[in-house]
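Here the structure is laid out as structure tokens; the discussion comes afterwards.
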Amino acid sequence: MTEWMLSESDGYDLLSKYGIPTPKYKIVTRAEDAGSTAEAIGFPVVMKIMSPDIVHKSDAGGVIVGIGTKEAAQSAFNQIVANARAYNQNADIHGVIIENQAAPGLELIIGGKTDPTFGKVITFGIGG
């Protein structure tokens, strides 16, 4: 059986359809676009690698938070992509997602999968 994961942007789109607030975001594929996109979204922003081959983004150095300038966003784009390539040189990289940095607060994680032993399993808890 093939596992399928919802991308972060697809998850945001799904949540938005049900009235659940999500951050403003855009996916970029070039460092040149990262600065202007971050500026349009509004600082501070978070930037994360978008790759179906890198599930645990932080482990791959694929997340940078607290980005506050156009130049920092361009630099972060290059660093995130380089980190992702070093982590998995064969990863299919779709770009980098840039989104509003959320204010400190409670984070929630929701997930699900079909486990070969237990069947349908839902993950629900505090964390992000």
Among all residue pairs at least 6 apart or on different chains, which show Cβ distances below 8 Å where the first residue, located in region 14-28, is of a type in the set (Gly, Ala, Ser) and the second is surrounded by 15 or more Cβ atoms within 10 Å (Cβ to Cβ)?
SER16/THR22
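For a quick check of your reading: which strands (runs of 3 or more DSSP E) sit entirely within region 6-78 and have at least 2 residues that are among the aliphatic types (A, V, I, L, M), surrounded by 20 or more Cβ atoms within 10 Å (Cβ to Cβ) and in contact with a strand residue (DSSP E or B) (Cβ under 9 Å, 6 or more places away or on another chain)?
Working: elements: 25-28, 45-50, 63-67.
Fully inside region 6-78 and qualifying: 45-50, 63-67.
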I'm told ALA91 meets every condition in (1) outside any loop (DSSP other than H, G, I, E, B); (2) among the small types (Gly, Ala, Ser); (3) touching a helix residue (DSSP H, G or I) at 6+ places or on another chain (Cβ under 8 Å) except one. Can you identify the failing condition by its number?
(1)
Near pairs, Cβ below 8 angstrom, 6+ apart or cross-chain, from region 101-126 (touching a residue at least 40 places away in the same chain (Cβ under 8 Å)) to any residue that is exposed (fewer than 11 other Cβ atoms within 10 Å of the Cβ) and assigned to a loop (DSSP other than H, G, I, E, B):
LYS113/GLU3; THR114/MET1; PRO116/MET1
Say we look at region 81-128 and pick out the residues that are among the aliphatic types (A, V, I, L, M) and farther than 25 Å from PRO21 by Cβ; which of these is surrounded by the most Cβ atoms within 10 Å (Cβ to Cβ)?
ALA84
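FYI, it's all coordinate maths here, none of it is from the lab. All of these numbers come straight from a predicted model, not from anything done at the bench. When we count neighbours, we look across all protein chains shown, and the Cβ atoms used for this are built from the backbone with ideal geometry, even at glycine.
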